[in-house]
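Below: one structure, written as structure tokens.
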Amino acid sequence: MTHSPAVLDLRHLRESVEEVLNDFFTRKASDRPPHLPDLATPLQQFIAAGGKRIRPLFSLVGWHAAGGAGAARAAHHLAAALELFHAFALIHDDVMDRSDTRRGHPTLHRMLARQHTVPPTAADQFGTSAAILIGDLALMWSDELLHTGNLTPQQLAAVLPLLDQMRTELIYGQYLDLVHSHRSPDMSCALTVIRYKTAKYTVERPLQLGAALAGADQSLLTPLSSYAIPIGEAFQLRDDLLGMFGDPAATGKPALDDLREGKATVLISLALTRASRAQADQLRLYHGCPTLTEAQAQAARGIITATGALRMVEDMIIKRYEKAMTTLDTAPINPAAKDALRHLADSAVRRHT
């Protein structure tokens, strides 16, 4: 059994994930028959274009929180597999949202539409179809990457049910998000979407997966969940604020997208609940308007701020952060993993990107 170090270097953990991903793509490039198209390069470029690697980091910290039992190779492959799965989710999400940019770069379907020599009238359809296929490839390769990590039968038995749950929960969250878009957002529905699309997928399941890989039982998985759900919710609430008020140069995403897409966020729900009739009518006019201008978006931001919704969401973030920290204080986790979880929580709720 290997024991967790006194301090966990998150940058080093992230580098270990990048190394596994780079090695995997190098192998895919060398194994590809020359008569087949190169689909690995656009996927690798998409992953390399940015991202916080937050899910792999949580899984690796979860592994250390449970004592780091077993070979590190298995933990690194699990973490990298989560990032490949995340690429699948993002690529398909961008297609569904018809997004133009991701992390300050063209989305994959837009990039493919521009790069390939097809008739102009068919370019968008080609880009969309090709991106869906590359997203499917990322999903399949995430399984391949996991199973080449030399996990023992016992580790696979512990990890696979949680992995199945995570994937199912994400699809339910995505579907609920799709159903409630362009509708007057309901607070309960918005919080349900946050829980399944983000809190469980981004924090809870990665943490539990890493811990389960190291042999953790429910006595550790439960407190990890109690920390993870509020931090995951705070992460998404912060994301919603950045989607409305963030600097596009920092977020890599236009500040108009969430309004144009009619995202049913907690922020919009609170604003509509607290707005005057005139304010609510105006906000509903802007919410989900595909031709929204920057001036109209600024008017919507003014209404949201005036209703106090911005301040209320900030308060919700703080309360969830404090709840997670209280749980962490008494959790049966080694000090190095606790410090790493505190740092990840700070990064999640106080970020600007």
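The values are calculated or read from the model by the stated rules, or taken from the named source; none is laboratory data. Computed from a predicted structure; not experimentally measured. Positions of Cβ are backbone-derived with ideal geometry, glycine not excepted, and every protein chain shown enters the neighbour counts.
Against the condition more than 30 Å from Pro290 (Cβ to Cβ) and without any contact (Cβ under 8 Å) to a residue 12 or more places away in the chain, how does Pro37 come out, does it pass? Judged against the criteria, Pro37 is a match.
Quick test for you: out of Asp315, Asp339, pick the one residue that is surrounded by fewer than 20 Cβ atoms within 10 Å (Cβ to Cβ), touching a Leu at 6+ places or on another chain (Cβ under 9 Å) and at pLDDT 95 or above. Matching residue, one of Asp315, Asp339: Asp339. Listed by position, the helices (runs of 4 or more DSSP H) enclosed by region 201-299 that each have at least 1 residues that are touching a Pro at 6+ places or on another chain (Cβ under 6 Å), under 24 Å from Ala309 (Cβ atoms) and in contact (Cβ under 8 Å) with a residue 40 or more places away in the chain are 266-274. Under the condition of being over 24 Å from the mean Cα position of the chain (by Cα) and of a type in the set (Asp, Glu), the residues counted in region 296-353 number 1. Looking only at residues that are in contact with a helix residue (DSSP H, G or I) (Cβ under 6 Å, 6 or more places away or on another chain) and outside any helix (DSSP H, G or I) in region 137-161, which one is surrounded by the fewest Cβ atoms within 10 Å (Cβ to Cβ)? So, considering only residues that are in contact with a helix residue (DSSP H, G or I) (Cβ under 6 Å, 6 or more places away or on another chain) and outside any helix (DSSP H, G or I), the one surrounded by the fewest Cβ atoms within 10 Å (Cβ to Cβ) is Asn150. From the list Thr222, Thr202, the lone residue that is modelled with pLDDT of 95 or more and over 12 Å from the mean Cα position of the chain (by Cα) is Thr222. Out of Leu90, Leu43, Leu39, one residue alone is over 13 Å from Glu18 (Cβ atoms), in contact with a strand residue (DSSP E or B) (Cβ under 8 Å, 6 or more places away or on another chain) and not polar (S, T, N, Q). It is Leu90. Does Glu314 qualify as being touching a Pro at 6+ places or on another chain (Cβ under 9 Å) and either closer than 28 Å to Ser188 by Cβ or touching a residue at least 40 places away in the same chain (Cβ under 8 Å) (or both)? Here the answer is no, as Glu314 does not meet what is asked. Residues in region 268-311 that are over 23 Å from Ser188 (Cα atoms) and of a type in the set (Lys, Arg): none. Whether any residue in region 253-262 is in contact with a strand residue (DSSP E or B) (Cβ under 8 Å, 6 or more places away or on another chain) and either among the small types (Gly, Ala, Ser) or surrounded by fewer than 22 Cβ atoms within 10 Å (Cβ to Cβ) (or both) is what I want to check. Within region 253-262 (the criterion being in contact with a strand residue (DSSP E or B) (Cβ under 8 Å, 6 or more places away or on another chain) and either among the small types (Gly, Ala, Ser) or surrounded by fewer than 22 Cβ atoms within 10 Å (Cβ to Cβ) (or both)), the answer is yes, since at least one residue qualifies.
Scanning region 192-212 for residues that are among the charged types (D, E, K, R) and farther than 16 Å from Arg53 by Cα yields Arg195, Lys197.
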